[in-house]
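Reading through the structure tokens given below for one structure.
The values are calculated or read from the model by the stated rules, or taken from the named source; none is laboratory data. Worth saying up front: this structure is predicted, and the values here are computed from it rather than measured. Cβ coordinates were reconstructed from backbone atoms using ideal geometry, including for glycine residues, and neighbour counts include every protein chain displayed. We work out accessible area using only protein heavy atoms, side chains counted, and drop any ligands, DNA or RNA first. Shrake-Rupley method; radii C 1.70, N 1.55, O 1.52, S 1.80 Å.
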Amino acid sequence: MSFSKPISTSKLLSFVSLVASNAIVATAQQPTRQGTANTFKVVGHSGVSAQQVYIVDKVENNPIQVNGHPAWAVEYDLDDDTIRPLDIVTNSFCAGGGVTGDGTWVNLGGNQAVTWGGNSADSQTGQTAPYMSWDGGKAIRFLTPCDDKTCNWVDDPNRYMTTRRWYPTLENLPDGSLFVLVSFISFHAAIGL
């Protein structure tokens, strides 16, 4: 191979610099953990039995406590395998989830407030032991992720939906919003009772 004109030193250095910077960027995007392919490794305990790193669980008697009740959500730190309980007061069992265009996590809908064995609680507004949970059917829970371990779910009754949602499907729209596509109103509506 021959060149009709020699490559200038500045062009060669620019090319080498471009290749080197792309290699650095590609390396930085690779996972930092290593393991054996097709295997699992237990690195810690999430504190809740995960259904949906932010983990949201259903209402149950988890060992981690927050604000006087079992935690149904945690922030799991991948760097040191520790957890921080997050306060969700509504039952997110059978909820749907998505991420908006600005990175906010949304978890909406869910199940009624429950007591032992998943039985319906006498109060749907946080008054029934042992869990003191609220009905999650109309709930919209928001979390804006953060790096300083101070973010929490916003579970505010003033922002709830007007209609219950059980197993909703959320789809992202081009403008970054979420569309609630389908869902049942409740378990009984789903099975025809």
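Listing for the model above:
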{"item": "Val59 long-range amide H proximity, modeled H, under 5 Å", "result": "Ser92, Phe93"}
{"item": "Label point distance in nm, Asn67-Lys149, each placed 7 Å from Cα along Cα→Cβ", "result": "2.0 nm"}
{"item": "Within the accessible area of region 94-159 (1.4 Å probe), percent carbon and sulfur", "result": "50 percent"}
{"item": "Sequence of Cys94, Cys146 when ordered by accessible area, the most exposed leading, probe 1.4 angstrom", "result": "Cys146, Cys94"}
{"item": "Accessible solvent surface per residue of region 71-193, calculated while the other protein chains remain in place, 1.4 angstrom probe, Å²", "result": "53 Å²"}
{"item": "Accessible area in the full protein assembly, largest first, 1.4 Å probe, for Met161, Met132", "result": "Met132, Met161"}
{"item": "Spin-label model distance (nm) - Val182 vs Asp80, 7 Å beyond Cα toward Cβ", "result": "4.5 nm"}
{"item": "Rh by Kirkwood over Cα pairs, then Stokes-Einstein D for region 73-120 at 1.002 mPa s and 20 °C, µm²/s", "result": "166 µm²/s"}
{"item": "Probe 1.4 Å - accessible area at Lys138, Å² to nearest ten", "result": "80 Å²"}
{"item": "³J(HN,Hα), Karplus 6.51/-1.76/1.60, whole Hz, each residue of region 81-87, x for Gly, Pro", "result": "6, 10, 10, 10, x, 10, 8"}
{"item": "Counted charge near His69, where neighbours are those whose Cβ lies closer than 14 Å (Asp, Glu -1; Lys, Arg +1)", "result": "-3"}
{"item": "J(HN,Hα) series, region 119-129, from Karplus relation 6.51 cos²θ - 1.76 cosθ + 1.60, nearest Hz, glycine and proline x", "result": "6, 4, 6, 4, 9, 9, 10, x, 10, 9, 6"}
{"item": "Positive-end residue of Gln65, Val114, Gly103, charge dipole of region 61-114 with Cβ unit charges", "result": "Val114"}
{"item": "Estimated FRET transfer efficiency (Lys41, Ser123; beta-carbon r; R0 45 Å; 0.05)", "result": "0.60"}
{"item": "Probe 1.4 Å - accessible area at Ser123, Å² to nearest ten", "result": "20 Å²"}
{"item": "Hydrodynamic radius of region 50-158 per Kirkwood, over alpha carbon pairs, in Å", "result": "14.0 Å"}
